[in-house]
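The values are calculated or read from the model by the stated rules, or taken from the named source; none is laboratory data. Since the structure is predicted, the reported quantities are computational estimates derived from the model, not experimental observations. No Cβ is skipped: glycine too gets one built from the backbone with ideal geometry, and neighbour counts run over all protein chains shown. Areas reflect the complete protein model, heavy atoms only, side chains present, ligands, DNA and RNA absent. Shrake-Rupley method; radii C 1.70, N 1.55, O 1.52, S 1.80 Å.
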Amino acid sequence: MNHKKEKQNSPRKILHQALQMELREHRSSFLVFQLLRFLVIFSLVRQIMLGSYESAFFCGLTLLLLYIPSWLQVKLRIELPPALEITILCFIFAAEILGEVNAFYVKIPGWDTMLHTINGFLAAAVGFSLVMLLNDNERLTFSLSPFFLALTAFCFSMTIGVLWEFFEFSMDYFLHFDMQKDTVIRNLYTVSLDESLSNKVIAIEGIHDVSVNGQSLGLGGYLDIGIIDTMKDLFVNFIGAVVFSTTGYFYAKNKGRKKSAAQNFVPSKKAEDADFLKQIQEEKTE
């Protein structure tokens, strides 16, 4: 009997109960979560039947990632606005299931660009929220200017973007992936072809074909391996960061009194009646 009671009061069981309550807190985000989970499970079964175990791994990983927003809310005792939570869930699904499993990165032009723009926006929201939440501690609270908050959000987002590009380069260099997608270009400007070694730029324009080891690649131009894709990703990350930092600036300047797009993406500390982990822990100790 005591063993059964201890099992019911185990930290894992308590966390699971709190997570289930958290998932159902907001109807809109819960419906999106349920729909995406169904689609991921369907995709997982399909990939296993097709014998595509790498894609099945991505499906399993996505299924796990979908629980991350709710897990963070429970463990960190923060409240994610439904708009932010839904955006994160859709971003995970778009990146893993649509992008990786269904190859949207290759099939749909601009898919990767769109996701990097959204990532820049979301990362800026995270950076902004971290400062807001940390500054809400009575022992650490000090006056922060709206410009400082916006600048921190922007810098945090760009840092995340750069670290991700480091990761892509490492995967390509060491494991021979192709995360940095190649770009076909028709004009080339380089000092490497300057025989005088005077740092003179040599232009090769109108490239229509490139041969490697005597075999034509048939791409209609020169193949750039990564740098254009990396710079494009960082640029759209910059745009997303600027958009949120600007709205975050006005949100902080008005101290949340006026409606702003940023307030739908800024987490807050959980209210007592929404702290499900604390509620269950108190119930179990009574």
Calculate what fraction, in whole %, of the accessible area of the chain sits on carbon and sulfur atoms when a 1.4 Å probe is rolled over the protein chains. 64
Under a point spin-label approximation (7 Å from Cα along Cα-to-Cβ), what is the residue 113-residue 28 distance to one decimal in nm? 2.9
Could you size up the charge dipole of the range 1-111 around its Cα centre, putting +1 on the beta carbon of Lys and Arg and -1 on that of Asp and Glu, and report it in debye to the nearest 20? 520
Solvent accessible area, Å² - residue 210, 1.4 Å probe, full protein context: 30
Just to confirm a number: summing +1 for Lys and Arg and -1 for Asp and Glu over residues other than residue 67 whose beta-carbon lies under 15 angstrom from that of residue 67, what do you get? 0
Along the positive direction of the dipole of the chain (beta-carbon charges: Lys, Arg +1; Asp, Glu -1; about the Cα centre), which of 10, 47, 109 reaches farthest? 10
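Give me the 1.4 Å probe accessible area per residue for the chain, excluding ligands and nucleic acids, in Å².
Values: 17960 Å² over 286 residues.
That works out to 63 Å² per residue.
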Once both label points are put 7 Å beyond Cα along the C-beta direction, the residue 45-residue 203 separation in nm becomes 6.0
Solvent exposure, largest accessible area first (probe 1.4 Å, DNA, RNA and ligands not counted), of 111, 71: 71, 111
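Which net charge results for the neighbourhood of residue 36, defined as the other residues with beta-carbon distances under 13 angstrom from its beta-carbon, given Lys and Arg at +1 and Asp and Glu at -1?
Numbers: positive: 37; negative: 85, 96.
Charge balance in the 13 Å sphere: -1.
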Options 91, 62, 80, ranked by Cα towards positive dipole end of the chain, top entry (Cβ charges): 80
Cα gyration tensor shape of the range 1-119, rounded if a/c is under 1.5, else prolate or oblate by comparing a/b with b/c: oblate
Could you tell me the relative contact order of the chain? Use alpha-carbon pairs under 8 Å, at least six residues apart, and round to a whole percent. 23
Checked the range 83-204 with the C-alpha gyration tensor, a ≥ b ≥ c its square-rooted eigenvalues, rounded below a/c of 1.5, otherwise prolate if a/b is larger than b/c and oblate if not; verdict oblate
Does the chain classify as rounded, prolate or oblate by the C-alpha gyration tensor (a ≥ b ≥ c root eigenvalues; a/c under 1.5 gives rounded; else a/b over b/c gives prolate, otherwise oblate)? oblate
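Using a simple charge model, +1 on the beta-carbon of Lys and Arg, -1 on the beta-carbon of Asp and Glu, nothing else, what dipole does the range 184-286 show about its Cα centre, in debye to the nearest 20?
Values: 12 positive and 13 negative charges, 167 e Å.
Around 800 debye, computed over the range 184-286.
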What is the sum of charges around residue 149, taking Lys and Arg as +1, Asp and Glu as -1, for the other residues whose C-beta is under 12 Å from the C-beta of residue 149? +2
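Only four residue types carry charge here, +1 at the Cβ of Lys and Arg and -1 at the Cβ of Asp and Glu. Report the dipole size of the chain about the Cα centre in Debye, rounded to the nearest 20.
Details: 26 positive and 29 negative charges, 295 e Å.
Charge dipole, the chain, about its Cα centre: 1420 debye, nearest 20.
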How much accessible surface does residue 101 have with a 1.4 Å probe, in Å² rounded to 10? 20
